[in-house]
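> Before I ask anything, here is the structure I am working with.
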Amino acid sequence: VFAHVVQAPEDPILGVTVAYLKDPSPIKLNLGVGAYRTEEGKPVVLNAVRKAEHQLVNDVSRVKEYLPIVGIAEFNKLSAKLILGADSPAIQQNRVTTVQCLSGTGSLRVGGEFLARHYHERSIYIPQPTWGNHIKVFALSGLTVKTYRYYDPATRGLNFQGLLEDLGSAPSGAIVLLHACAHNPTGVDPTLEQWEQIRQLIRSKALLPFFDSAYQGFASGSLDADAQPIRTFAADGGELLVAQSYAKNMGLYGERVGALSIVCKTADVAVRVESQLKLVIRPMYSNPPIHGASIVATILRDRNLYDEWTVELKAMADRIISMRQQLFDALQARGTPGDWSHIIKQIGMFTFTGLNAEQVAFMTGEYHIYMTSDGRISMAGLSTKTVPHLADAIHAAVTR
Ligand code: PMP
């Protein structure tokens, strides 16, 4: 009965790793998926995470019962504080409902499904380009996906005018997906002044902001600085949604830990919204897993572990920033034609190199360097040792 099923294409991002694993070359380099690597090219488990896990293992009072549908209450409270700020008036006024979800992706999906059922406007505007999964997550949630201009290939920066025009002509009430920081794939973020203009436009048109926060702390090294755009939206008293992921900033990728928060107008509304979020979650996966969220709660509640985490997080962000400088310097040293200053200007895990699909294919074929075909490279996958190889490949690709 399944003989008619056709072979599906590989995922455009995860498929890069599949191709990389098949390559027997000793010099191969995977810059596809956005996962942090050390200078030695190894994945890391943060010390704060190891210590939290030890505490959890040694606590014999812990059991494996089901969690509530919305997850661990303390995790939810601490997650809301992390993103909205410890002194957030919305939290103090109990206007925020937070539910534990399956990392960033699951949080976006639960938010999308909730909006499709309970919000009056179906259109969601996502930036062009964006993380590829956004399109499918929101379309399958039942929303109508539209795009707003975001990236300007000519300047390799923000198309701010285009963004304002497109959001300005969106129907009143439309949902707007915003990358909280470290925009994926472009590495281009609005300045705080531009954020303020975006906020005024969104509020004046009664658009509904939905923040995707997958990189809090990874952009600047500061958890507070990277949350600033969201906090200014929350400070004006209006509604918003935010999907948080602990994949990158705590290195908990495969533990699938995240949270969806919805900031409402009143405490009353927040209670009813939460009751409906439960009806979204229950038939999807019943309730979330315990382990990852317990690690996060253990770190966020303990001053020492929290401090240790922030130091380790800053070190990861700083290593990425240093890779940007090293790659830029290596291209300068080779006299590679073109302006490569965007490598040091862009923010977060990725550089949107501006290389085209043909140049990417050349670099994979000749240099065994793997990246997405849009020319995005994960700076976190680079090291001092591999920068010269990448610079050679880019130089060869653009001077061919
Ligand atoms: N949003 C963006 C912009 C991302 O880059 C990612 C991860 N690549 C996610 C969401 C979701 O990641 P996860 O589900 O692993 O938390």
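> What is the Cα radius of gyration of segment 165-223 over 2.2 N^0.38 Å, N being its residue count?
Segment 165-223 yields a ratio of 1.19.
> Any chance you could give the angle, 0 to 90 degrees and rounded to 10, that helix 387-398 forms with the longest Cα principal axis of the chain?
The angle comes out at about 70 degrees.
> Continuing with the same structure: Under the definition of Cα pairs under 8 Å and six or more residues apart, what whole-number percent is the relative contact order of segment 2-63?
Values: 20 pairs, mean separation 12.1, N = 62.
Taking the mean separation of contacting Cα pairs over the length of segment 2-63, I get 20 percent.
> So which chymotrypsin sites (Phe, Trp or Tyr not before Pro) in segment 1-109 are both in a DSSP loop and have at most 12 other Cβ atoms within 10 Å of their Cβ? Could the numbers behind the result be given before it?
Details: sites: Phe2, Tyr20, Tyr36, Tyr66, Phe75; in loops: Phe2, Tyr36, Tyr66.
Taking segment 1-109 and a limit of 12 other Cβ atoms within 10 Å, the loop chymotrypsin sites (Phe, Trp or Tyr not before Pro) found are Phe2, Tyr66.
> Ok, one more. With θ taken as phi - 60° and the coefficients 6.51, -1.76 and 1.60, list the Karplus ³J(HN,Hα) couplings across segment 22-34 in order, rounded to whole Hz; mark glycine and proline as x.
Running phi through 6.51 cos²θ - 1.76 cosθ + 1.60 with θ = phi - 60° gives 7, 7, x, 4, x, 9, 4, 9, 9, 10, x, 6, x Hz.
> Taking θ = phi - 60°, what integer Hz values does the Karplus form 6.51 cos²θ - 1.76 cosθ + 1.60 yield along segment 261-270, in sequence order, with x for Gly and Pro?
10, 10, 8, 10, 6, 9, 4, 4, 5, 4
> Among Pro26, Pro288, Pro43, whose mean-square fluctuation peaks in a Gaussian network model of the chain (Cα, cutoff 10 Å)?
Pro26
> Where a ≥ b ≥ c are the square roots of the eigenvalues of the C-alpha gyration tensor, would you call segment 328-391 rounded, which needs a/c under 1.5, or, failing that, prolate if a/b is larger than b/c, or oblate? All intermediate terms of the calculation are to be shown ahead of the outcome.
Values: a/c = 1.25, a/b = 1.18, b/c = 1.06.
Rounded, because the longest to shortest axis ratio a/c is under 1.5.
> Can you work out ³J(HN,Hα) from phi for every residue in segment 314-326, in order, using Karplus 6.51 cos²θ - 1.76 cosθ + 1.60 and θ = phi - 60°, giving whole Hz and x for Gly and Pro?
3J(HN,Hα) across segment 314-326, in whole Hz: 4, 5, 5, 4, 5, 5, 5, 4, 5, 5, 4, 4, 5.
> Which of the pairs Lys28/Lys146; Lys146/Lys248; Lys146/Lys314 have their Cα atoms more than 32 Å apart in this structure? Present the calculation step by step, with values, prior to reporting the outcome.
Details: Lys28/Lys146 37 Å; Lys146/Lys248 27 Å; Lys146/Lys314 35 Å.
Listed pairs above 32 Å: Lys28/Lys146; Lys146/Lys314.
> Find the Rg to Rh ratio for segment 83-235, where Rh is the Kirkwood radius over alpha-carbon pairs and Rg uses the same atoms.
Working: Rg = 14.9 Å, Rh = 15.9 Å.
We get a ratio of 0.93 for segment 83-235.
> For the chain, modelled as a Gaussian network with Cα springs under 10 Å, which listed residue fluctuates most, Leu56, Leu177, Leu167?
Most flexible of the set in this elastic network: Leu56.
> If amide hydrogens are placed 1.01 Å from N in the peptide plane, which non-local residues have theirs closer than 5 Å to the one on Cys101?
Under 5 Å from the amide H of Cys101 lie the amide H atoms of Gly258, Ala259, Leu260, each far enough along the sequence or on another chain.
> Counting only GluC sites (Glu not before Pro) that are in a DSSP loop and have at most 14 other C-beta atoms within 10 Å, tell me the longest site-free stretch of the chain. Before the final figure, lay out the partial values.
Details: sites that count: Glu10, Glu39, Glu40, Glu65.
Longest run free of exposed loop sites: 66-400.
> Can you give me the Kirkwood hydrodynamic radius for segment 8-110, using every pair of distinct Cα atoms, in Å to one decimal? Before the final figure, lay out the partial values.
Details: mean 1/r = 0.0555 Å⁻¹.
One over the average 1/r among Cα pairs gives 18.0 Å for segment 8-110.
> Still on this structure, please answer the following. For the chain, report the % of Cα-Cα distances exceeding 42 Å. Can you show the working numbers first?
Numbers: 9922 of 79800 pairs.
So the portion of pairs separated by more than 42 Å is 12 percent.
> Search the structure for amide H atoms under 5 Å from the amide H of Tyr125, placed 1.01 Å from N in the peptide plane, and list their residues when 5 or more places away or on another chain.
Amide H to amide H, under 5 Å and 5 or more residues apart or across chains, Tyr125 pairs with Lys146, Ile175, Val176, Leu177.
Any read-out appearing in this document is the output of simple, stated calculations on the displayed coordinates, not a laboratory observation. On a predicted model such as this, the values are computed, not experimentally measured, just so you know. Cβ coordinates were reconstructed from backbone atoms using ideal geometry, including for glycine residues, and neighbour counts include every protein chain displayed.
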